Amino acid sequence: MPELIATYNKFKGRGYETLAVAMSYDPPSYVVNFAQTRQLPFKVAIDNTGSLARDWGDVKLTPTTFLVNKRGEIIKRFVGTPNFVELHQLIEKLLAET
């Protein structure tokens, strides 16, 4: 999570957004507490029914990170901890697109 926060903070001023999604098995009270105590600077959604996980390719393993372009297309899916050098390079490239 610290690297995701740093990534968000690095690129947020250029139009980059981060949205965390808690899995259906994560108790909502835990998710809220986690987000508050760590002062997450981005939004956190709770996938109560598991429909988001199913709709995004039947996500089973966390963390799973998706990089989505300005047109809403998935550019890259990282299963497990992302390679942050690669992630940052891709973000730079996508933010430069018009």
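Since every read-out is calculated from the coordinates, none of them should be taken as a lab result. All values derive from a computational prediction rather than experimental measurement. Reconstructed Cβ throughout: ideal geometry from the backbone, glycine too, with neighbour counts over all protein chains shown.
General observations
- Potential lengthening of the chain between residue 5 and residue 60 amounts to 17.6 nm, from the contour at 0.36 nm per residue minus the alpha-carbon distance.
- The helix-only estimate of mean residue ellipticity at 222 nm for the chain, built from DSSP H runs of length n ≥ 4 each weighted as -39500 (n - 2.57), is -11000 deg cm²/dmol after division by the residue total.
- Each residue, residue 89 and residue 52, gets one label point 7 Å from its Cα in the Cβ direction; the gap between the two is 2.9 nm.
- Beta bridges per DSSP with both ends in region 2-96, % antiparallel, nearest 5: 55
- Label positions at residue 40 and residue 19, each projected 7 Å from the Cα along the C-beta direction, are separated by 1.3 nm.
- Candidate cross-link partners of residue 12 among the lysines, defined by an alpha-carbon separation under 16 Å and a same-chain spacing of 8 or more, comprise 43, 70, 93.
- Approximate shape of the chain as ellipsoid semi-axes (Cα gyration tensor, √5λ), whole Å, largest first: 23, 17, 12
- Normalising the average separation of contacting C-alpha pairs (under 8 angstrom, six or more residues apart) by the number of residues puts the relative contact order of region 2-96 at 24 percent.
- Histogram of C-alpha separations across region 29-73, 5 Å bin width, %: 5, 15, 21, 25, 22, 9, 2
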